[in-house]
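See structure below.
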Amino acid sequence: MTIKIENAYIFNTEKRCFEYGSVCFENQTITKRVLFPDAVIDAAGGYILPGFIDVHTHGRCGMDIMEADAKTLSELSLAYAKSGVTTVFPTIMTAPLDKLKNAIANIKKANTTADFAGIHIEGPYISAKKPGCHNIPDIRKPSKEEIFALTESILPMRTHLTIAPEEDTDDVIAEFMTRFAKCGGTVGIGHSNATYDICVKALEDGANSYTHTFNAMSAIGHREPGVAGAALATDGYAELICDGIHVCPAIIHMAYHAKTAYDDKFVLVTDSIPPAGLPNGDYEMNGIAFTLKDGKAATADDTIVGSALDMMTAVKNLVEFAEIRFEDALICATKTPAEMVGLYETRGSIAVGKRADLILCDKHMNIREVYCAGTPVYN
């Protein structure tokens, strides 16, 4: 099926601006033009954005990635699409090996709307000193056999792995990262109490990013920058949860301008949890009880569990917090995460030959329609 959307302002990622015109796509792919489209859609002066990419999320709308079967994950994929996210890395967290394998198997069997392009393994190879809401008894050092078997089970999907490099006392991760990066895998530093120097060494070994920067990592000191300092001072990508709860808006402002001073390395993530999109109340995730109230999800001891954020809200928050244009914030939810996980050749911008992942918005950037690989999924 060929579709033409006309009378629209289309985001040009290279120029970082909206340009008036039309966009065409055939089947799943953006094309230069279509002579006789099957359907012509009048955008009525609306704005067309690239579909959002979320590389760190645990669920939303009551659905938990760790617990869901393939049918529920298919429904979850549609829920992501309705929020404007067209590419997802479902994120599994610290748990026994059998539970991780089961979650991976179900993710791979799901019939997706928003594309499950990869899986983010957040733990169990993290630090018990910076567990966040992860279950400490399940945190463990990596064995060569386990980590290779786990990541191989995800193929042909991509893998993004969060690790604490200071826990790699047997050099298992260092050896793994060197080989992993050559195969298209990516590694983030997170839930870590590492020093700045250890982070630099991990980047040299193959890591390329920092997981939910400032949260569950050693803080910046003026003599020991820690993981948070390394996230700002090195060229790795930095995930940020831009809900105004996980990180103070003033720090978001500082981090954005630090990570974009020389290149685009600021990555918006939701780190959303199953109650995202649901009302205030008491919930549970991966055996952890917590309360969601006014956008904050926390355990009884006030440990933040995750966010109730959606990506469009994150983009709009970044505009406010960092005092930047919407066009610049949009890069952080499209181009930059795509580059971080090695997918920018196929998505992350509106360009000929890329997947037709599009969001049609009104002039207030409210989502009107979403297209995943050329298929309308929300109106």
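Given GLY342, GLY353, which one is closer than 18 Å to ILE30 by Cα, in contact with a strand residue (DSSP E or B) (Cβ under 9 Å, 6 or more places away or on another chain) and small (Gly, Ala, Ser)?
Numbers: GLY342 fails: closer than 18 Å to ILE30 by Cα.
Of GLY342, GLY353, the one residue that is closer than 18 Å to ILE30 by Cα, in contact with a strand residue (DSSP E or B) (Cβ under 9 Å, 6 or more places away or on another chain) and small (Gly, Ala, Ser) is GLY353.
Restricting the first member to the range 166-182 and to residues that are hydroxyl-bearing (Ser, Thr, Tyr), and the second to residues that are modelled with pLDDT of 80 or more, the beta-carbon pairs closer than 8 Å and six or more apart or on different chains are THR169/LYS141; THR178/ASP205; THR178/GLY206. The number of residues in the range 163-209 being over 14 Å from SER127 (Cα atoms), buried (at least 24 other Cβ atoms within 10 Å of the Cβ), modelled with pLDDT of 90 or more and touching an Asp or Glu at 6+ places or on another chain (Cβ under 8 Å) comes to 1.
Quick one: which residue in LEU73, LEU35 is more than 26 Å from GLU327 (Cα to Cα) and at pLDDT below 95? Talk me through it step by step, then tell me what you get.
Details: LEU73 fails: at pLDDT below 95.
Just one listed residue meets the conditions, LEU35.
Put simply, of ALA95, ALA68, ALA43, ALA8 the only residue that is of a type in the set (Gly, Ala, Ser), under 30 Å from GLY132 (Cα atoms), buried (at least 17 other Cβ atoms within 10 Å of the Cβ) and touching a residue at least 60 places away in the same chain (Cβ under 8 Å) is ALA95. In the set (1) farther than 13 Å from ASP357 by Cα; (2) in contact with a strand residue (DSSP E or B) (Cβ under 8 Å, 6 or more places away or on another chain); (3) hydrophobic (A, V, I, L, M, F, W, C); (4) surrounded by 15 or more Cβ atoms within 10 Å (Cβ to Cβ), the condition left unmet by PHE36 is number (4). ASP294 - would you say it is within 21 Å of GLU67 (Cβ to Cβ), without any contact (Cβ under 8 Å) to a residue 60 or more places away in the chain and not aliphatic (A, V, I, L, M)? For ASP294, the condition - within 21 Å of GLU67 (Cβ to Cβ), without any contact (Cβ under 8 Å) to a residue 60 or more places away in the chain and not aliphatic (A, V, I, L, M) - is not met. Being in the same structural domain as MET66 (by TED's automatic domain parsing), touching a Cys at 6+ places or on another chain (Cβ under 7 Å), over 26 Å from ALA181 (Cα atoms) and surrounded by fewer than 21 Cβ atoms within 10 Å (Cβ to Cβ) is a property that THR303 has. The numbered conditions (1) modelled with pLDDT of 95 or more; (2) within 19 Å of MET365 (Cβ to Cβ); (3) surrounded by 15 or more Cβ atoms within 10 Å (Cβ to Cβ) are all true for ILE30 except (2).
The values are calculated or read from the model by the stated rules, or taken from the named source; none is laboratory data. Fair warning: this is a prediction, and the values are worked out from it, not measured in the lab. Cβ: placed from backbone, ideal geometry, glycine included. Neighbour counts: every protein chain shown.
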